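A short reminder: the numbers here are calculations on the coordinates, not readings from a lab. Given the structure is predicted, the values throughout are model-derived calculations rather than measurements. Reconstructed Cβ throughout: ideal geometry from the backbone, glycine too, with neighbour counts over all protein chains shown.
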Number of protein chains: 2
Amino acid sequence: MTKVCQIGLFGLGTVGTGTARILLDQAELLARRAGSRLELARVCDRHPDDLRGLPLDPGRVTADVRDLLDDPAIRVFVELIGGIEPARSVVLQAIAAGKHVVTANKALLAEHGSEIFAAAAEAGVAVGFEASVGGGIPVIKTLKEGLVANRIETVAGIMNGTANYVLTRMTDDGLAFDEALAEAQRLGYAEADPTFDVDGIDTAHKLAILAALAFATPVGPADIATEGISRLTPLDITFAAEFGYRIKLLAIARHRPEGLELRVHPTMIPADHLLARVEGAANAFYLVGDAVGQVLLHGPGAGQMPTGSAVVADIVDIARGIAAGVPPCGGPFEALAPVPLRPMEALVCRYYFRFSAKDRPGVLARIAGILGDNGISIAAVIQKGRRSRAAVPIVMLTHEAEEARVRRALARIDELDVVTDPTTVIRIEDPATLAASANAEVTPA
Amino acid sequence: MTKVCQIGLFGLGTVGTGTARILLDQAELLARRAGSRLELARVCDRHPDDLRGLPLDPGRVTADVRDLLDDPAIRVFVELIGGIEPARSVVLQAIAAGKHVVTANKALLAEHGSEIFAAAAEAGVAVGFEASVGGGIPVIKTLKEGLVANRIETVAGIMNGTANYVLTRMTDDGLAFDEALAEAQRLGYAEADPTFDVDGIDTAHKLAILAALAFATPVGPADIATEGISRLTPLDITFAAEFGYRIKLLAIARHRPEGLELRVHPTMIPADHLLARVEGAANAFYLVGDAVGQVLLHGPGAGQMPTGSAVVADIVDIARGIAAGVPPCGGPFEALAPVPLRPMEALVCRYYFRFSAKDRPGVLARIAGILGDNGISIAAVIQKGRRSRAAVPIVMLTHEAEEARVRRALARIDELDVVTDPTTVIRIEDPATLAASANAEVTPA
Ligand SMILES: NC(=O)c1ccc[n+]([C@@H]2O[C@H](COP(=O)([O-])OP(=O)(O)OC[C@H]3O[C@@H](n4cnc5c(N)ncnc54)[C@H](OP(=O)(O)O)[C@@H]3O)[C@@H](O)[C@H]2O)c1
Ligand SMILES: NC(=O)c1ccc[n+]([C@@H]2O[C@H](COP(=O)([O-])OP(=O)(O)OC[C@H]3O[C@@H](n4cnc5c(N)ncnc54)[C@H](OP(=O)(O)O)[C@@H]3O)[C@@H](O)[C@H]2O)c1
């Protein structure tokens, strides 16, 4: 075996270090599996003197990415610096130079995926992006290849480990949101600025990538109705449990006759559903295909070695193609074409509301009246103990209602003088709706 | 797009019909994704007149498999008749004729995989076998490609939907084994002869295939210590629940310094573990890689359309390679080489025993004495109510013990005159042991 596939690595941070470690430590195993030796030819990082304890030849480490782009021997360019610029320009330059690209950059692909995939298709190079969603879980490969025989009907899941860690601690140990988040930060589970994670933005980036792939349509974060978890309280979690639910930050892309439904928000799911059982920093992806039915993938959604595992899997796929004499093609296997999106206002589901109201007679009647005016019918109400003059929580579960009506009703309710804070809204997901598939079946043999 | 990939389908039963339906119904979608039109050129079945409601040209359906083997235009030969012969000979003939092969035949691959993969490697053709394990769940692709950067440390799971259905009904509804099995048969979940399913043989076939792939070693069913579920009673399930466990028919292949551990048997797992939550006819695969850590895949392990989904995914992979001008290679990506196996007698775990003993004074002391003589220490004992002169169940949980000692002790105990029936043994799986990995980590970001 004398074939060599030369790799240029841009960004030696968390994921870059994990990727380099696997390439160096498992060189022999990977050469056998890839059909060629995967050589870490050059590494570029802002801090070329810090080798992160890796057995790298310092002569191969540079601060100038041109050293990678201009080296014609480098066939695979691995972008792991993160962020939009200069990542976008550099990736486009690598593609223009005829290099295959592997990236873990979900923000870049969510915002500029169409541009990058189009450039790659034109240049006849591959863009591997397994690591951009779900860390070490091969969800991209499953959608692109494993379920290739299916029309995908639903892609849903828990796609951000930080948010899920925070919710798990709130659920299992009754921590407040701020406490749980501070702990996640202490443990290195959350960035100093956790906004992307807890506000659902990172989740929306990942959903944008998966939805583009599953439904062959260009989807950007702006197309996704996105709400975070920062307004949830232990009270919501306790009430959810009383009704038999757990709260998760769910991403949902669902193909509907009226258009594609795209949303990220805290969601109540029945406590015995597999998605409700995803604990701590794990991720899970729930896919429904018309032939296969429901498939769930569960695992580490981030971390140095798991994400490195996904980056190296993409490198091996590309190297195998090169070794066979033919570059594997694409990004997504289909040209992206716009499909109609279903507006969030058209969503129909059951809702949980927690109203913060002054403890005065008639409050419940006024709230219920406004809901009734908007055609929203109440399935259950809980109003626990009176607490002197402070605001009290009133919790309600509705029957199925339309999001547009809910928004209109809540706008009026939140203006009432007796209502002290904006109402907390959690949508309730019905597993049967999530699983609905034209001709899926589950029978064993 | 004018490229065509001609397919020959051998066996138009459950899976064959699902495969044909997808190829015919989704022709356009598949052509886009595969880069060539997938043409169902010929179909062979013992009953060529029964078209199973498919829009097949009767002129393309034959009872003679030679019509497929001798047609040089057929590039992909899909074997879906099941069983060892004539499947084995026909597959070898197809390979010798330079055709790529796709098969769902776990029995064939478990028994003769090495022979078939070697022949394919020599002929330079691919053998796709995704459908042989886990129905529609892409577990083969995940092992071969998604986790290619990993040394696999553990492959475990629930690999037979029938057995899991029976156990689920026994657990959730207190049914006896026979009742649950009869129901599974009524519902079409179990064959008329369910031996393969409930005795763990089908599970062992699947484990053999996965272990060969994950550990690049030839493994046959005879290498796997296999026990079925037919001796379990609702009592065992109730006791397990009291101790916080659920009973599943688990397949486990674990890489250990002393050798490869291979076993299929009823297993107690903590009730909150994801594997304990796999319900009904579903399958689940639990994979541990040194870089990625723990990944779980869950979904339909069988059924016409899910299994057809996996068959077609293999066909598309092969067609893509052909369309690109290069046939994809292999079966497993590495040549199989023997590795030492760890004998079942060397297993160390905790055990559940249910003794059937006459209700006489001193029985417990005699049993405990024999266990003590063999160095097996007891963690808990339950002996419920005395029931006149009938045999009573005595249930015990042990601390960690070695299988060899357990077998010695039970052989003596089962010979006691006061013991009326062979002792029921259930091994208790510690999730930490199952998850143990050299450098796995799970951190989010
Ligand atoms: N961490 C995870 O678990 C994870 C999981 C999935 C996906 N991802 C994605 O993977 C990518 C990398 O994440 P990460 O966690 O590895 O980030 P990181 O630890 O911050 O690593 C980025 C590295 O690139 C360097 N860098 C940044 N801009 C550069 C430039 N213009 N020129 C040269 N070097 C530059 C950084 O140097 P400085 O430190 O000096 O800026 C740092 O060493 C991101 O797109 C992220 O979203 C990460
Ligand atoms: N069913 C599942 O859900 C499932 C899931 C995973 C894997 N598999 C595997 O897939 C394979 C097929 O299973 P299946 O359930 O589809 O079996 P099946 O329903 O019995 O189908 C087999 C078909 O092949 C025909 N056949 C058998 N021997 C033949 C011969 N020598 N020449 C021509 N036709 C012949 C049979 O005809 P007759 O009926 O006249 O014999 C029948 O139509 C097996 O290896 C099985 O283990 C099945």
- Diffing segment A:311-319: the Karplus 3J(HN,Hα) column from phi (6.51, -1.76, 1.60, θ = phi - 60°), in whole Hz with x for Gly and Pro, holds 4, 5, 4, 5, 4, 5, 4, 5, 4
- Within segment A:109-179, list the trypsin sites (Lys or Arg not before Pro) lying in a DSSP loop whose Cβ has at most 12 other Cβ atoms in a 10 Å radius. none
- Query: For chain A, what relative contact order do you get, as a whole percent, if you take Cα pairs closer than 8 Å and at least 6 residues apart?
  - Reply: 17
- Message: How charged is the neighbourhood of A:L274? Take every other residue with its Cβ under 13 Å from the Cβ of A:L274, and add Lys/Arg as +1 and Asp/Glu as -1.
- Response: -1
- Task: Could you run the Debye sum over the Cα atoms of segment A:112-190, one equal point scatterer each and no solvent, and tell me log10 of I(q)/I(0) at q = 0.11 Å⁻¹, two decimals?
- Result: -0.50
- Can you figure out the FRET efficiency of A:A27 with A:I84, using R₀ = 22 Å and their beta-carbon distance, to the nearest 0.05? 0.10
- Message: With Kirkwood's inverse mean 1/r over C-alpha pairs for Rh, give me the Rg to Rh ratio of chain A, two decimals please.
- Response: 1.03
- Query: Using modelled backbone amide H atoms (1.01 Å from N, in-plane), which distant-in-sequence or interchain residues come within less than 5 Å of B:R37's amide H?
  - Reply: B:K3, B:V4, B:C5
- Task: Please report, in Å, the Rg and the Dmax of segment B:37-170, where both are computed over Cα atoms only.
- Result: 17.1, 52
- Between copies, how close do the B:D414 label points come, placed 7 Å along Cα→Cβ, listed in nm from shortest? 6.8
- Note on the structure: Expected vector for segment B:49-60, Karplus 3J(HN,Hα) from phi with 6.51, -1.76, 1.60 and θ = phi - 60°, integer Hz, x for Gly and Pro, equals 8, 8, 8, 6, x, 8, x, 9, 5, x, x, 9
- Task: Evaluate Rg over Rh across segment B:165-246, taking Cα atoms for both radii and Kirkwood's formula for Rh.
- Result: 1.06
- Item | For segment A:237-289 and segment A:102-139, distance of Cα centres in Å | 25
- Message: Along each principal axis of its Cα atoms, how long is segment B:141-300 end to end? Whole angstroms, biggest number first, please.
- Response: 45, 33, 28
- For label points placed 7 Å from Cα toward Cβ, what is the shortest-first list of nm distances from A:K384 to its copies? 3.5
- Estimated translational D of the protein assembly as shown in µm²/s (Stokes, Kirkwood radius over Cα pairs; 25 °C; 0.890 mPa s): 85
- Which distance in nm do the two modelled labels at A:A192 and A:T420 give, with both placed 7 Å along the Cα-to-Cβ direction? 3.6
- Task: Once the label point is placed 7 Å from Cα along Cβ, list for A:A73 the distances to the corresponding points in the other copies, in nm, shortest first.
- Result: 4.9
- Message: Taking a ≥ b ≥ c as the square roots of the Cα gyration tensor eigenvalues, with a/c under 1.5 meaning rounded and otherwise prolate when a/b beats b/c, else oblate, which class fits segment B:47-110?
- Response: oblate
- Centre separation in Å (Cα based) which lies between segment A:375-434 and segment A:25-64: 55
- In the structure shown, of A:K141/B:K99; A:K3/A:K106; B:K358/B:K384; B:K144/B:K206, the pairs separated by more than 21 angstrom at the C-alpha atoms are A:K141/B:K99; A:K3/A:K106
- For segment A:344-430 (alpha-carbon point model, no solvent) the Debye-based log₁₀ I(q)/I(0) at q = 0.15, 0.16, 0.18, 0.23 Å⁻¹ works out to -0.50, -0.57, -0.71, -1.14
- Can you work out the PRE-style zone for A:R52? Point 7 Å along Cα to Cβ, and I want the residues of segment A:295-318 with backbone N under 18 Å. A:301-316
- Quick one: if you stick a label point 7 Å off each Cα along the C-beta vector at B:T238 and A:V339, how many nm between them? 5.1
- Report, in deg cm²/dmol and to the nearest 500, the calculated mean residue ellipticity at 222 nm for chain A, where each DSSP H run with n ≥ 4 adds -39500 (n - 2.57) and the sum is divided by the residue count. -10000 deg cm²/dmol
- When Lys and Arg each count +1 and Asp and Glu each count -1, what net charge do the other residues less than 10 Å away from A:H205, Cβ to Cβ, add up to? 0
- Phi to ³J(HN,Hα) by Karplus 6.51 cos²θ - 1.76 cosθ + 1.60 over segment B:412-423, Hz, x for Gly, Pro: 6, 4, 5, 8, 4, 5, 7, 8, 9, 9, x, 5
